[in-house]
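The values are calculated or read from the model by the stated rules, or taken from the named source; none is laboratory data. Being a predicted model, the structure only gives us computed values, none of them experimental. As a convention, Cβ positions derive from the backbone with ideal geometry for all residues, glycine included, and neighbour counts pool all protein chains shown. Just so you know, the surface numbers come from the protein's heavy atoms only, side chains and all, with ligands and any DNA or RNA stripped out. Shrake-Rupley method; radii C 1.70, N 1.55, O 1.52, S 1.80 Å.
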Amino acid sequence: MNWWKRLKGRLKLEEPLKRHTTLRTGGPVRFFIQPADTQDLKLLITSAKRYKIPLSVIGAGSNILAGDKRLRRMAVSLSSPFFKEIAFKGNLVEAGSGLMLAKLVSETAKRGLSGAEFLSGIPGTLGGALVMNAGAWGSQISKRVMKIRVMDSRGRIKNLAREKIDFAYRKSNLEKFIILGATLKFFRREKRKIRQDIERYRRQRQLLQDRSFPSAGCIFRNPPGDHAGRLIDLCGLKGRGFGGARISSKHANFILNRKNGRAADILKLMKLIKKEVKDNFKINLQPEIKIWQ
Ligand SMILES: Cc1cc2nc3c(=O)[nH]c(=O)nc-3n(C[C@H](O)[C@H](O)[C@H](O)COP(=O)(O)OP(=O)(O)OC[C@H]3O[C@@H](n4cnc5c(N)ncnc54)[C@H](O)[C@@H]3O)c2cc1C
């Protein structure tokens, strides 16, 4: 098994995933790889298949709860410059999936292109945002998508037209692909107004969300017509915790990793939340975060 000799990008063995998730949990992963380009990525897909190693893409790790035990997996990070490019053509933006959303927001604002403002403060990559159909303040990234460039499980590059993609609340049918990049459509607006909106959203986030300790943002999806945070709060669970993990006292749908909390502590808290909300409101909360274990 010496496929990695042909790799141009970077490979780390037994890399702790806690270094790559915003929740700061995660034991060692067998292979942590930053491919240099699509040729490298194809090599990873074929090698993973050949040696029966599960392959998962990791973006900024801001929506992943990685388990404490060693993972026999290939975690692929599209964080090399090749996957972070951004180009402008009129109102269209072509961006790589490894580009951070903050960069997309600032680069579009600079050019008077509006439509990405709501993404400010979401600490993810474009790829992660597309898979999750990230959204805030009533907008979702799917509204901006014209087409998405992906690599399939056989290493073939395809362009998916918007009509071929199913987006729903915080989910999509893109998870079976590796997203390489997307063409997004924006519209012209006064730069001053764009900047004002970005600032307004930043202040609202500061007011409502809890950034005092590592987290993965909202842990549970909102049930139809309600807010998971409201239900968790009504169950009197704010401030409850196990080990180093605590439910935020500011936003009940945030779990904070206060003192080297383990994924096991967070999972225990999630179980408690689910049970209490089910017992009190007969509602089955579903996790928004992706659990890797
Ligand atoms: C403080 C905080 C606030 C947040 N606020 C919001 C918010 O307001 N709205 C919101 O929607 N989310 C929010 N989030 C959650 C998170 O930031 C988003 O879901 C984000 O889009 C995830 O992007 P990521 O790059 O971190 O993805 P990751 O967490 O790394 O991955 C998420 C999923 O996408 C897959 N994936 C990632 N990249 C690719 C790719 N290139 N190809 C294929 N699959 C891929 C992963 O395998 C995984 O299944 C918040 C998180 C935090 C920590």
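Observations, loosely collected:
- Residues in the range 113-167 that are open to solvent by 40 Å² or more (accessible area, probe 1.4 Å) and assigned to a helix (DSSP H, G or I): 5 in all.
- Qualifying residue in the range 173-185 (condition: touching a Gly at 6+ places or on another chain (Cβ under 6 Å), aromatic (Phe, Trp, Tyr), surrounded by 14 or more Cβ atoms within 10 Å (Cβ to Cβ) and closer than 26 Å to GLY96 by Cα): no
- Residue tally, condition more than 16 Å from the ligand (Cβ to nearest atom) and not in a loop (DSSP other than H, G, I, E, B), over the range 231-256: 6
- Single residue of the range 1-40 satisfying the filter (out of contact with any strand residue (DSSP E or B) (no Cβ under 9 Å at 6 or more places or on another chain) and modelled with pLDDT under 95) that is most open to solvent (accessible area, probe 1.4 Å): ARG6
- The set of residues in the range 172-216 being at pLDDT below 95 and in a strand (DSSP E or B) is empty.
- For GLY61, the requirement of being touching a Leu at 6+ places or on another chain (Cβ under 9 Å), modelled with pLDDT of 95 or more and open to solvent by 10 Å² or more (accessible area, probe 1.4 Å) is not met.
- Selection status of MET74, touching a Lys or Arg at 6+ places or on another chain (Cβ under 9 Å), crowded, with 17+ Cβ neighbours inside 10 Å and in the same structural domain as ALA60 (by TED's automatic domain parsing): yes
- Considering the range 86-112, and only residues there that are away from the ligand (no atom under 16 Å from the Cβ) and within 16 Å of LEU180 (Cβ to Cβ), the residue that is surrounded by the fewest Cβ atoms within 10 Å (Cβ to Cβ) turns out to be ALA87.
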